[in-house]
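Just below is one structure, and these are the notes that go with it.
Every read-out reported here was derived from the displayed coordinates using simple, explicitly stated rules and does not represent laboratory data. Since we're looking at a predicted model, the values are computed, not measured. All Cβ positions, even for glycine, are placed from backbone atoms using ideal geometry, and neighbour counts span all protein chains on display.
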Amino acid sequence: MHSQRVGAPVGGTRGGSSYDLGQYQWTSFMDFHRRIQQVFLGDTNAIMRNSELHAFDGDQFYTLRVNEHHATHPNIDVQVRIEYTDFSSPTGTGRVSPAHGANQGPARFTLHYDVDTGTWQASVQVDHRVLPDDIRRAVGHELDEIADIVHQQNAVAGTTSRADMDGIIGEQQQASVFRPGSTAMQLTSHDRAAIRELDLTLQELEYLRNPAHASAVASDPGRVQRAEQRVQALLEDSGLADNPARLDQLLATIRQSGGIPASRLRLLDAHARFRIHQQANPNTTVTAALVEHLLYPQARGLSNFRQMGLNGGHTTTQFRDFVTNSGGTYRINETGNRTITTQSGRSTTVRGWRQEMLNPDTGSYEVSLSPNSTFDDFSVYLEFIDDFANRTLLPAMQSGRQILTVNGIPMLVHHMSDGTSIRVGFFLDPSGQFRTIFVDANNI
């Protein structure tokens, strides 16, 4: 087969903090490769570009078939050696990737084009402590990256010098867009693989949040928390938790790439905005679940809509977009707006909305008894929630003061730093965390 070429550029996963290392160690060559086969062989969705892993020959070697899906472009075979090794300790045998420095993850790869034989050859090394459940994510990232580089460069590989091709491969192994502090917008192969790795992590969280899989959560109560921690670690490693403006850019890039479906992109958006807020406010009363609820409206049946309107959706842009894209099911009309100010002095506009829903039986629109309120700047909204919790709700609860309800909704008047006040409605879950919180639209 092939040997790893000395001097070949080394790439690898970023974000070692998103992997649980030290709880497991591979000691069986065959067990390791059995797991590789279980995860990748025969699954055209496991690797980027519907590529396939084939031909395990008992000596760590596979064929990665990059499917070109084009009549005039044949599929491309890459000879790949996959092995586990120790590169986590100072005396480890694995090669260190310079691509990610101290933020390197638990897998590495080298890739080069052999001009003499006209073939691509790669070597993937995996930290021997990677959990079996993380093989798909760690090894999959490397195979994704290899498949994307080969797809992009195969047409010119035969006419490019070895030194130039090594330079091209080395550039593609770098995190360009998805790294903290970056302003770049041109995706590398590593960036594309990072999107898929992030999606895999979101898939697990989405699975655990589904009520149909409650038994999986009940059997391992800490599993959801671990999944959320992995998502948060990847968000930080990829720059998605840098700031709201950069997050908006990166979400647009991911959306354009098609690498994460809409349902999980929304989950990503909520967790990223939560993490951005949490980094600036470590003692926040906000949760990722609350952020998702406040960001994205959800439909209700007509009878529930009459009483409560849409479910969630207290940000102006998402609320308007939802109604616009509803195909005429909903109509809204702004009833007023005012400025709210947080304790830190930040301000934004909060708006009140009349909500209407089409009755398909009568063909007419029915008005909800509950108008909605939305904030123009979501980051200020989250600050406002913490202000309300700490300066209004907590003192009221500690004093034992009765909290009045309006139409079954607990409400308190919140006094802002600019001397004005506004009425706030909320519901708490059994643990005392906010299930929802909103400004009373009738008070705008």
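Worth pointing out:
- Between helix 244-257 and the chain there is an angle of about 60 degrees, using the helix long axis and the longest principal axis of the Cα atoms.
- Working value for the chain: equivalent-ellipsoid semi-axes of 49, 23, 20 Å, each the square root of 5 times a Cα gyration tensor eigenvalue, largest first.
- Once Rg and the Kirkwood radius are both taken over the C-alpha atoms of region 293-444, their ratio Rg/Rh works out to 0.98.
- Gain upon complete extension [Gln402, Asn283; 0.36 nm per residue less C-alpha separation]: 40.3 nm
- Over the chain, relative contact order from alpha-carbon pairs under 8 Å, at least 6 apart, %: 10
- Footprinting exposure proxy ranking of Leu53, Leu205, fewest other C-beta atoms within 10 angstrom first, gives Leu205, Leu53.
- Among Asp361, Asp242, Asp377, the largest mean-square fluctuation in a Gaussian network model of the chain, built with springs joining Cα atoms closer than 10 Å, belongs to Asp361.
- Table column - 3J(HN,Hα) (Hz), region 356-370, Karplus curve with 6.51, -1.76, 1.60, x for Gly and Pro: 10, 10, 6, 8, x, 6, 9, x, 10, 8, 10, 8, 6, 6, 10
- Cβ-defined net charge surrounding Ala157, 11 Å radius [Lys, Arg +1; Asp, Glu -1]: -1
- In order along region 274-280, the phi-based Karplus estimate (6.51 cos²θ - 1.76 cosθ + 1.60, θ = phi - 60°) of 3J(HN,Hα) comes to 4, 5, 4, 5, 5, 5, 8 Hz; Gly and Pro are listed as x.
- Each other residue within a Cβ distance under 12 Å of Thr201 adds +1 if Lys or Arg and -1 if Asp or Glu, for a net charge of -2.
- Treating each Cα of region 115-158 as one equal point scatterer and applying the Debye formula with no solvent, the log10 of I(q)/I(0) at q = 0.14 Å⁻¹ comes out as -0.44.
- Kirkwood hydrodynamic radius (C-alpha pairs) into Stokes-Einstein, region 206-295, 25 °C and 0.890 mPa s, D in µm²/s: 176
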